[in-house]
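Novice: One structure is given below, represented as structure tokens, and several questions about it will come after.
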Amino acid sequence: MDQAKTAGATNLASWLPLRALSGWSAKDLNGDLAAGITLAAIAIPEQMATARLGGFAPEIGFFAFVAGSVAFALFGANRHLSAGADSTITPLFAGSLALIATAGSPHYLALAAMLALMVGLLVGLSGIFRLGWIADLLSVPVTTGFLAGISVHIIVSQLPSLLGLPPESGETVRRIGEIAADLHLTNPWSLALGFGVFAIVFVSEHISARIPAALIGMVLATLAVIAFDLKNRGVEVLGALPNGLPAPGMPTADFRDAQALVPLALLIAIVVMVQTAATSRSFTPQDAEAPDVNRDFVGVGAGSIVAGLFGAFAVNASPPRTAIVAQTGGRSQLSGLIAAAIVLVLGVFGGRLLANVPQAALAGVLMFVAQHILRWQVFAKVYRQAPVEFALILITMIAIVVLPIETGVAIGIGLSLLYGIWGSTHTEPIELAQVPGTSVWWPPSNSIAGEQHPGVLVAAFQAPLSFVNADRFKRGLTDLIDARSEDVKLVVLEASNIVEIDYTAAQTLIDIIRHCRDKGAVFAIARMESLRAQAALQRFGIAEIVGTQRIFHSVDAAIKALGPGKPQQQEQDGVP
């Protein structure tokens with residue numbers, strides 16, 4: 001009883017707010033303060049640039065960051081994770097919303113806020129109901145292709161600002177053509193500013209990730225605009241940003257708008273969960289506390305909800321910013337709260353300080369982000385080791401670039417799932433042989449000369465048994481049995497890799513047992529270690545049909561008890 005009470009109390013405590021601040025002490029203040037200031041210095045230009053990438057005013061990025069940071073500190077678990085505006089999902093929803101409303105219009109802003117609420121609810125509820133497994137829907141190759149496609153979108157969207165060209169809109173391929181046609185109009189001052197910021201960030205990253213290079217580059221570019229009067233040389237600047245905090249409230253989007261956003265919200269929620277899970281698992285606390293992905297879903301989901309209520313857009317976990325917090329000595333989410341406070345003060349009171357920030361400088365920051373999310377090493381490694389999965393990278397990337405982004409993401413998720421299913425459907429039953437001098441049964445190979453027992457067939461199936469592979473399992477195993485003609489007296493299914501059995505597969509297994517009986521062979525099961533598979537044997541009546549005396553912990557035990565010539569070998573149970 002006491003143990004049950006203790007477990008219940010521990011489970012309740014794991015869901016209390018401010019978990020990411022638990023155990024904090026005064027000695028952690030220096031680390032959190034240093035990490036918070038560094039995080040703010042990195043977040044300020046990044047959040048402005050990401051907001052512009054989505055078609056929002058730069059200050060909206062500040063409020064998204066504050067909402068994500070505060071909400072995650074309250075409801076998340078990871079002590080380092082940074083949530084806020086993110087360049088991975090911003091092109092995804094910006095491209096889709098632009099098909100419904102004009103970017104930057106009141107309707108567009110209302111749709112983005114409504115989408116943030118929907119994404120937040122989906123991600124948060126996924127955490128509450130412990131659906132962290134959803135994060136595994138995207139394989140590494142498909143995720144790599146997705147990020148590559150997003151990278152192309154970022155580059156294409158920022159090229160006009162970087163080159164000082166008129167802004168473009170529409171499909172990505174058409175925009176590339178229009179940019180190429182306007183290259184002769186490039187403003188050299190804009191290009192120099194944007195490339196300079198990119199170079200500063202690129203070089204600084206190779207020196208130390210702690211250097212707030214984006215902020216340094218943005219400040220230097222702003223000073224250059226003022227010193228050389230570049231506004232009169234065609235360089236576009238942000239202009240003074242409005243001061244003040246947006247009033248909270250529900251988005252003004254109607255029910256039809258919400259209905260239209262459901263598919264997009266589902267896709268973005270999956271991407272957010274994938275990135276949040278990867279970030280949470282990659283940056284575990286120093287005390288070796290196991291990552292709580294589901295609780296982190298709640299924290300990031302709450303961030304999107306708060307952002308939506310303040311007129312901002314959906315937020316996501318950021319691996320680079322999280323790494324900065326970990327590397328600069330952050331001990332808890334206090335570092336995120338410190339950064340949020342600094343960014344909030346700038347957003348509420350410092351609009352005029354940003355008036356001369358050149359658009360090209362923010363484009364340079366996003367160009368760096370774009371090349372940073374291109375996983376060239378993964379590209380090369382997958383190409384060498386798994387050519388089929390490399391094709392998944394290319395197909396996903398091309399789909400996201402050529403088609404509407406949400407369609408490309410849906411195709412990527414579908415390909416990931418189909419490839420996983422394909423692996424299960426192409427699993428074949430294999431005959432095992434005994435390694436000489438041992439009790440180990442192993443697939444025969446050129447390096448291992450296995451031994452067979454007269455009259456005994458030991459077969460294995462190295463995948464869960466389900467409707468997707470039930471027919472292949474049945475045909476493969478019956479072929480193995482029939483190939484031995486009348487020689488087989490005992491068939492042992494080595495089931496260590498069968499972790500699940502569904503209804504369709506259960507009926508197939510019963511058919512195989514019947515086929516064995518028709519051939520005059522006894523059917524036995526060995527090494528079914530999965531508790532779910534064992535429960536399925538009972539639930540579908542297979543244990544009764546086989547007979548509990550023919551279910552063993554090892555193949556050797558089955559052969560010793562039921563091999564040819566053994567008394568029990570002659571006993572036959574009826575199969576309905």
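Novice: Kindly provide the helix-only [θ] at 222 nm of the chain, computed as the sum of -39,500 (n - 2.57) over DSSP H runs of four or more divided by all residues, to the nearest 500 deg cm²/dmol?
Specialist: -19500 deg cm²/dmol
Novice: Here's a follow-up. Go through the range 64-70 residue by residue and turn each phi into a ³J(HN,Hα) via Karplus (6.51, -1.76, 1.60, θ = phi - 60°); whole Hz please, and just put x for glycine and proline.
Specialist: 5, 5, 4, 4, x, 5, 5
Novice: Could you give the distance between the Cα centres of the range 428-444 and the range 123-195, to the whole Å?
Specialist: For the range 428-444 versus the range 123-195, the Cα centre distance is 52 Å.
Novice: Arrange the following residues from fewest to most other Cβ atoms within 10 Å of their Cβ: Ser25, Ser139.
Specialist: Taking fewest neighbouring Cβ atoms as first place, the list is Ser25, Ser139.
Novice: Also, I was wondering about something else. In sequence order, what are the phi-derived ³J(HN,Hα) couplings for the range 367-384 according to the Karplus relation 6.51 cos²θ - 1.76 cosθ + 1.60 with θ = phi - 60°, rounded to whole Hz, with x for glycine and proline?
Specialist: Couplings: 4, 5, 4, 4, 6, 6, 8, 7, 8, 4, 5, 5, 3, 5, 5, 5, 4, 6 Hz.
Novice: Give a residue-ordered list of calculated ³J(HN,Hα) values for the range 389-401 (Karplus: 6.51 cos²θ - 1.76 cosθ + 1.60, θ = phi - 60°; whole Hz; x for Gly, Pro).
Specialist: So the Karplus estimates, Gly and Pro as x, are 6, 5, 4, 4, 4, 5, 4, 5, 4, 5, 4, 6, 6 Hz.
Novice: Quote the FRET efficiency, to the nearest 0.05, computed for Ser105 versus Glu171 with a Förster distance R0 of 22 Å and r equal to the Cβ-Cβ distance.
Specialist: Approximately 0.65, to the nearest 0.05.
Novice: Can you list residues whose amide H is under 5 Å from Leu238's amide H, if they're 5+ apart or on another chain and H is modeled 1.01 Å from N?
Specialist: Those lying under 5 Å, H to H, from Leu238 are Val357, Gln359.
Novice: Please find the FRET efficiency linking Arg233 to Leu183, where r is the Cβ-Cβ separation and R0 is fixed at 22 Å, and quote it to the nearest 0.05.
Specialist: Efficiency, from the Cβ-Cβ distance: 0.75.
Novice: Rounded to the nearest 5, what is the percent of antiparallel bridges among the DSSP beta bridges in the chain?
Specialist: Here the share of antiparallel DSSP bridges comes out near 40 percent.
Novice: Separate question: Testing the spin-label approximation: label points 7 Å from Cα along Cα→Cβ at Arg514 and Leu417. State their distance in nm.
Specialist: The answer from the label model is 3.3 nm.
Novice: Can you tell me how the range 465-507 classifies by the Cα gyration tensor, rounded, prolate or oblate, using a/c under 1.5 as the rounded cut?
Specialist: Prolate.
Novice: Between the range 226-240 and the range 322-364, how many Å separate their Cα centres?
Specialist: If we compute the Cα centre of each part, the gap is 23 Å.
Novice: Under 20 Å from a point placed 7 Å out from the Cα of Val388 along the Cα-to-Cβ direction: which residues of the range 462-478 have their backbone N that close?
Specialist: 462-477
Novice: Select from Ala341, Ile525, Leu159 the residue farthest towards the positive end of the dipole of the chain; place +1 on Cβ of Lys and Arg, -1 on Cβ of Asp and Glu, and compute about the Cα centre.
Specialist: The Cα lying farthest towards the positive end belongs to Ala341.
Novice: What shape does the range 446-565 have by the C-alpha gyration tensor, where a ≥ b ≥ c are the square roots of the eigenvalues, rounded means a/c under 1.5, and otherwise prolate means a/b greater than b/c and oblate the rest?
Specialist: Taking the square roots of the gyration eigenvalues as a ≥ b ≥ c, the range 446-565 is rounded.
Novice: How many times 2.2 N^0.38 Å is the alpha carbon radius of gyration of the range 330-411?
Specialist: That ratio works out to 1.69.
Novice: While we're here: Which order, highest average first, do 195-202, 130-137 follow once you tally other Cβ atoms within 10 Å for each residue and take the mean per peptide?
Specialist: So the peptides 195-202, 130-137, ranked by packing, come out 195-202, 130-137.
Novice: In addition: Where nothing but the Cβ of Lys and Arg (+1) and of Asp and Glu (-1) is charged, how large is the charge dipole of the range 430-570 around its Cα centre, in debye to the nearest 20?
Specialist: Computed about the Cα centre, the dipole is about 260 debye.
Novice: Something else: Along the charge dipole of the chain, Cβ charges K/R +1 and D/E -1, which of Leu267, Tyr383, Thr252 sits furthest on the positive end?
Specialist: Working it through, the farthest residue towards the positive pole turns out to be Thr252.
Novice: Next question. What does the charge count near Arg539 come to, summing +1 for each Lys or Arg and -1 for each Asp or Glu among other residues with Cβ under 13 Å from its Cβ?
Specialist: Local net charge: -2.
Novice: Further, regarding this structure: For the range 25-420, what is the convex hull volume of its Cα atoms per residue in Å³?
Specialist: 139 Å³
Novice: Give the relative contact order (percent, whole number) for the chain; include only Cα pairs under 8 Å separated by 6+ residues.
Specialist: 21 percent
Novice: Between His553 and Ala199, what is 0.36 nm times their sequence separation minus the Cα-Cα distance? Round to one decimal in nm.
Specialist: 121.1 nm
Novice: Just how large is the dipole of the chain about the Cα centre, in debye to the nearest 20, putting +1 at every Lys and Arg Cβ and -1 at every Asp and Glu Cβ?
Specialist: The dipole of the chain has a size of about 680 debye.
Novice: Summing Lys, Arg as +1 and Asp, Glu as -1, what charge do residues with Cβ under 13 Å from the Cβ of Val298 carry, Val298 excluded?
Specialist: Counting the neighbours of Val298, the net charge comes to +1.
Novice: Once you have a ≥ b ≥ c as the square roots of the Cα gyration tensor eigenvalues for the range 278-383, tell me rounded if a/c is under 1.5, and otherwise prolate or oblate according to whether a/b is larger than b/c.
Specialist: Cα axes put the range 278-383 in the oblate bin.
Novice: Among Leu125, Ile150, Ser169, pick out the residue whose Cα is farthest towards the positive end of the charge dipole of the range 116-204, where Lys and Arg carry +1 and Asp and Glu carry -1 on C-beta, about the Cα centre.
Specialist: Towards the positive end, the residue furthest out is Leu125.
Novice: Pull up the DSSP beta bridges for the range 432-562 and report the antiparallel fraction as a percent, rounded to 5.
Specialist: DSSP beta bridges in the range 432-562 are roughly 20 percent antiparallel.
Novice: Relative contact order for the range 430-570: what percent, with Cα pairs under 8 Å and sequence separation of 6 or more?
Specialist: 23 percent.
Novice: I would also like to ask the following. Once the other residues with Cβ under 12 Å from the Cβ of Arg527 are scored (Lys, Arg +1; Asp, Glu -1), what is the net sum?
Specialist: My count for the surroundings of Arg527 gives -3.
Where a number appears in this text, it was derived from the coordinates with a stated rule and is not lab data. The structure presented is a predicted model; accordingly, all values stated were derived computationally and were not measured. Cβ: placed from backbone, ideal geometry, glycine included. Neighbour counts: every protein chain shown.
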